[in-house]
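Here the structure is laid out as structure tokens; the discussion comes afterwards.
Nothing in this text is a laboratory measurement; each read-out follows from the coordinates by a stated rule. All values reported here derive from a predicted model rather than from experimental measurement. Cβ: placed from backbone, ideal geometry, glycine included. Neighbour counts: every protein chain shown.
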């Protein structure tokens with residue numbers, strides 16, 4: 001999952017990205033608090049320029065960023081800055097357009113990786129339950145599936161009712177009816193839950209859905225509350241407590257997104273996109289995050305509200321796509337589990353039908369040998 005991949009930043013090849021991400025997190029922290037916004041903007045502007053330079057360097061047929069020495073990196077930055085100053089009339093419009101493109105891409109990337117994080121979390125928990133030696137594990141997995149599905153529906157409906165009552169109607173209070181999107185998401189959860197239950201009756205239990213649905217419900221409520229809070233605050237200063245809470249929630253999403261694109265996922269994207277290498281993908285992520293956070297610092301309420309509304313609306317098609325992908329991917333996992341189980345049963349049946357008192361089983365490979373044999377006839381390991 002995303003957070004586990006962050007440990008890759010300790011490796012030498014990711015050292016440059018570690019520096020840039022720490023730089024970004026410092027600026028991000030300053031920008032989350034009203035009294036420190038100016039400091040955050042000052043920190044982020046040079047980061048935006050440096051990340052843009054590294055994107056150009058990664059696209060061009062130069063040495064890979066992760067293979068460059070510190071001296072080479074400094075020289076590259078200086079050369080590109082001089083070129084930009086000479087061609088400012090050409091370069092500046094490009095940076096501005098990429099800046100806005102970066103904002104949009106970050107909004108989409110964070111939404112996709114947050115949904116995917118909940119899917120991976122659901123798989124991990126279900127895999128843990130599946131491997132438990134308990135005879136009740138099937139019952140426990142059913143409890144996770146049904147309990148998570150029902151709880152997520154109740155949670156979403158309750159939060160929607162509370163938000164409507166507290167604001168006197170979100171349509172009238174903020175000009176956007178958050179209840180409509182929340183209701184559609186509840187319907188999607190119910191449909192996927194019914195499909196999951198029908199498949200479970202046929203012997204294929206998609207227990208991960210319970211955890212996945214809870215995550216989706218919590219994220220939907222977070223978006224709903226954030227939209228209402230941001231819209232009603234009107235860009236004015238909010239309480240320190242609210243700023244700290246939103247800071248940690250946004251930090252969670254930010255780190256999960258960064259971790260989600262580190263390691264093997266970057267290589268997978270590189271293979272599929274073909275025209276972009278791993279450095280280009282990672283640098284674009286840093287550039288898009290820098291663009292969005294810098295824009296938020298300059299116009300917090302407007303940019304935040306735009307992001308939240310866009311994610312909230314796009315959440316519906318993204319949830320449907322991720323739900324369908326989850327069924328497809330998890331079906332393959334179930335097939336692998338069934339195949340492994342059949343192989344174990346076949347092996348056990350073979351042993352039980354062949355082995356008698358005059359034979360001994362090899363603990364390493366499972367082959368049968370004569371009781372007097374000192375070594376396995378198949379793998380050669382010592383039997384006694």
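Structure notes:
- Globularity index of segment 3-344 is 1.11 (Cα radius of gyration / 2.2 N^0.38 Å, N = number of residues).
- Relative packing of peptides 42-55, 13-26 - highest average C-beta neighbours within 10 Å first: 42-55, 13-26
- Span per principal axis, largest first, for the Cα atoms of segment 1-114 (Å): 38, 34, 27
- In segment 3-344, Cα pairs under 8 Å separated by at least six residues give a relative contact order of 31 percent.
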